[in-house]
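Peer 1: First the structure, which I've put down as structure tokens, then a few questions once you've had a look.
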Amino acid sequence: MKVNLVVGVTASLVLGLAAAADKGGVRTSGACARECLEGIARKYLEALVQRNPSAAPLADHVKYTENNVELLLGDGLWGTITSKGPPPTELLFADPQAGQVGFFGIVEEHGVPGYLGVRLKVEDRKITEIETVVNRIPPLSPGASPPPYATRQPKELQHFPAMTEAVPPDERVSRGRLIDIANGYFSTLQQNDGQLFAPFADDCTRLENGNITAGDPNSNYVPARITCAEQFKKGAYRFDSALRERGFMLVDEERQLVLTRGFLDHNAVLTDFKLTDGTPAVSSFKTPSTLCLLELFKIRGGKISRVETVYINVPYHMPGVWTKGE
């Protein structure tokens, strides 16, 4: 009952956000169009690589988090980064109406590569919020094997081309509808029992920490060969117990993208179960754990077609820094 109560409250908040967005309730932040926001993001990334916060266009007061922990600017990745990936590994997206800009790409820290997700809030052309998720990929221990889906290294990161493509106006849906669809994906994933609470394109595919985990018929990882909807219809993620503290921070209306955050809990109560077709399955989670994620949805014609995610493991039921007090 506790999980259902939390989900109900979250859903009400989401509906309120969507209604506000449809009525123009999203607060604007001055005349800073896509090119302006992406330029600010590039300056931020350049300052990060230089390890020099003063080189970034920062406001007087900035909230900075890394992996759901609030840090002082200059700490964490600022002190360890040695390089970022080349332009083909970089993905920028922007929401001029809300003054938000995002980045997905790769970084390196003293030889350790990682996947990077960043959200920046911009007001009066100054950065006021920095939300960062870094999934670091340390070398494997002797004799250890990577996860079966991890067939690519960070330097091989390839974003879906659709993420940078503008969607024709007649195939777009409203800000509020985009948020509803992204929230429906989360509701489908939570306690996945085969029901779909979001519309999916027939070729929906997903990229998680640089690796395709759905919709790749050529994948060596068998579960990744079927599409997002097919996985959910099978109830392949039934071991998920809650997807809480959902945030819908950035809506790129031109490209029909939604940047979200969330915490995916696994209480590890369910170990052996059956898919909706009766096939026996085993959960990969044997102890309680939580994933903290930044997830980007591409929606075309009102259907989810592409998903990219940067996530990390955090302590079980870790509360969110950005949703504290809401």
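The values are calculated or read from the model by the stated rules, or taken from the named source; none is laboratory data. The structure presented is a predicted model; accordingly, all values stated were derived computationally and were not measured. No Cβ is skipped: glycine too gets one built from the backbone with ideal geometry, and neighbour counts run over all protein chains shown. Surface areas here come from the heavy atoms of the whole protein model, side chains and all, with no ligands, DNA or RNA. Shrake-Rupley method; radii C 1.70, N 1.55, O 1.52, S 1.80 Å.
Peer 1: For the stretch 127-155, which positions are assigned to a strand (DSSP E or B) and either of a type in the set (S, T, N, Q) or farther than 21 Å from residue 314 by Cα (or both)?
Peer 2: Selection gives 127, 128, 129, 132, 135.
Peer 1: From the list 264, 257, 250, which one is farther than 16 Å from residue 184 by Cα, in contact (Cβ under 8 Å) with a residue 60 or more places away in the chain and either among the hydrophobic types (A, V, I, L, M, F, W, C) or open to solvent by 20 Å² or more (accessible area, probe 1.4 Å) (or both)?
Peer 2: 250
Peer 1: Being without any contact (Cβ under 8 Å) to a residue 24 or more places away in the chain and open to solvent by 40 Å² or more (accessible area, probe 1.4 Å) is the filter here, so list the residues in the stretch 166-190 that pass it.
Peer 2: Once the filter is applied, which keeps residues that are without any contact (Cβ under 8 Å) to a residue 24 or more places away in the chain and open to solvent by 40 Å² or more (accessible area, probe 1.4 Å), the stretch 166-190 yields 168, 169, 170.
Peer 1: Now for a separate question. Inside the stretch 19-126, counting only strands (runs of 3 or more DSSP E) that do not spill past its ends, which hold 3 or more residues that are buried (at least 19 other Cβ atoms within 10 Å of the Cβ), within 23 Å of the chain's Cα centre (by Cα) and modelled with pLDDT of 95 or more?
Peer 2: Details: elements: 58-66, 81-84, 91-95, 100-109, 112-123.
Because the criterion is at least 3 residues that are buried (at least 19 other Cβ atoms within 10 Å of the Cβ), within 23 Å of the chain's Cα centre (by Cα) and modelled with pLDDT of 95 or more, the strands (runs of 3 or more DSSP E) in the stretch 19-126 that meet it are 91-95, 100-109, 112-123.
Peer 1: Assigned to a helix (DSSP H, G or I), more than 20 Å from residue 90 (Cα to Cα), open to solvent by less than 20 Å² (accessible area, probe 1.4 Å) and in contact (Cβ under 8 Å) with a residue 24 or more places away in the chain: is that true of residue 198 in this structure?
Peer 2: no
Peer 1: Only residues that are surrounded by fewer than 20 Cβ atoms within 10 Å (Cβ to Cβ) and within 18 Å of the chain's Cα centre (by Cα): list them for the stretch 201-239, please.
Peer 2: Result: 237, single match.
Peer 1: Would you say residue 235 is out of contact with any strand residue (DSSP E or B) (no Cβ under 7 Å at 6 or more places or on another chain), touching a residue at least 12 places away in the same chain (Cβ under 8 Å) and more than 30 Å from residue 174 (Cβ to Cβ)?
Peer 2: Yes, satisfied.
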